[in-house]
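Participant: Below you'll find the structure I mean.
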Amino acid sequence: MTTVLCGVLAVAGCSTTESGNAQPSSTTDLSAATAALWDPCSQIPDSTLTSLDIDLATKRSGILGAEEPGWKICLWEENEFPPNYGISVASSVHTVDEVRAKPGNVDFADVSIAGRVGTKYRQSHNDVNEDCTIMFQTSTGFIQLGMLNVSSKSKAVPPCERLKPIAEAIVPILPK
């Protein structure tokens, strides 16, 4: 699961004088922007997750327990294939354009989930049956949902196919 998230973590501290979306220009600004992000660990109802057969007991915040500046990250495992499918939901102050420009992020395609347009992609170091991420632009950056398939047992269901019903249930909760 860390692989899905680490691939899109960009270095923060961009200048507000550059064209495009303004990003925090200092550690203080980044801390405030991070604190203001939508938090998937507290904002996605447990009832939504249990209806998707996600194991609430596996919830973890951050990456390997550490919070990442510019991000609010939550991870779970699925009951059906534990610990084969890892599910992540993350909000970030970074932009969709930063993710698109990051080397190693490939196979970008527009998708529509629950009436909201997003972008699907994967990381090149994972094969197509291992990784799927869908991101949605927000007023503060973007929110992404990720699925990492870590076992041959569960590869019968491609990660984007397994992520779609989860995204259908969670996307209506996401801020715009």
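The values are calculated or read from the model by the stated rules, or taken from the named source; none is laboratory data. Quick caveat, the model's predicted, so the values are computed rather than measured. Neighbour counts are summed over all protein chains in view; Cβ atoms, including those assigned to glycine, are modelled from backbone coordinates with ideal geometry.
Participant: Name the residues in the stretch 59-80 that are at pLDDT below 90 and over 13 Å from I166 (Cβ atoms), would you?
Facilitator: Passing the criteria: G62, I63, L64, G65, A66, E67.
Participant: Continuing with this model, one more query. When you go through M147, M135 one by one, which is the residue that is under 19 Å from D46 (Cα atoms) and among the aliphatic types (A, V, I, L, M)?
Facilitator: On inspection, the qualifying residue turns out to be M147.
Participant: Using beta carbons and a limit of 8 Å, which pairs, at least six apart or on different chains, have the first residue in the stretch 135-146 and closer than 19 Å to I166 by Cα and at pLDDT below 95 and the second one among the basic types (K, R) and not in a loop (DSSP other than H, G, I, E, B)?
Facilitator: Matching pairs, first to second residue: none at all.
Participant: Can you find a residue that is assigned to a loop (DSSP other than H, G, I, E, B), more than 18 Å from I44 (Cα to Cα) and at pLDDT 95 or above anywhere in the stretch 156-171?
Facilitator: No, the stretch 156-171 has no match at all.
Participant: What do you reckon, is S88 of a type in the set (S, T, N, Q), out of contact with any strand residue (DSSP E or B) (no Cβ under 7 Å at 6 or more places or on another chain) and touching a residue at least 24 places away in the same chain (Cβ under 8 Å)?
Facilitator: no
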